[in-house]
Amino acid sequence: MEYSVREQLDGDWPALWRVLEPVFRAGETYPLPRDVSEAGAKTYWIKTDGYNGIAFGETDNILGAYYLRPEQGGPGSHVCNAGYVVAEAARGLGLASKLCLQSQDQARAMGFRAMKFNLVVANNAAAIRAWTKAGMKIIGTTPGAFRMPDGAFADAHIMYKAL
């Protein structure tokens, strides 16, 4: 798959929202209310202390995106957190793991020493495969940490990689 990644610009938001909204509305991977407003989603996704990357295909359509930011402040600010989304049409092609690897390079360039994901839903096999392929390791599991749309509780993995 041919794609390029660049920093997200203000004008990218409307097209990015069209990719993010169905993922957030599904309620199966992100810790947001399924009825999150567009403004609320934008506040969640974009932080001034981080980096937002966008993957574009040959026709300038958004294939995927990620955010990268410090997980904590102060003495913990050398560990970053990231979140990813892949457009439905681009799923299953290996883009998620490639974006994760690209974000790790970006994180290193920003001075981060490690990357940590706090809430990888255990039944999200595709994400776990992608993050493992990108070198992330499961370092713990929180039982019942994620409430699925049907009300069932799923375990959530904590994944980590030293950079």
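None of the figures in this text is laboratory data; all of them are computed from the coordinates on show. Fair warning: this is a prediction, and the values are worked out from it, not measured in the lab. Counting neighbours? That spans all protein chains shown, and the Cβs are built from the backbone with ideal geometry, glycine included.
Structure summary
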| read-out | value |
| --- | --- |
| q = 0.08, 0.16, 0.18, 0.19 Å⁻¹, the range 4-162: log10 I(q)/I(0) [Debye, one scatterer per Cα] | -0.21, -0.93, -1.21, -1.36 |
| Label point distance in nm, ASN123-PHE153, each placed 7 Å from Cα along Cα→Cβ | 1.4 nm |
| Residue-averaged 222 nm ellipticity for the chain, from DSSP H runs of 4+ at -39500 (n - 2.57), nearest 500 | -8500 deg cm²/dmol |
| Ranking of GLU7, GLU71 by count of other Cβ atoms within 10 Å, fewest first | GLU7, GLU71 |
| Ranked SER97, SER4, criterion: other C-beta atoms within 10 Å, fewest first | SER4, SER97 |
| In the chain, lysine pairs closer than 26 Å at Cα, eight or more apart or cross-chain | 15 |
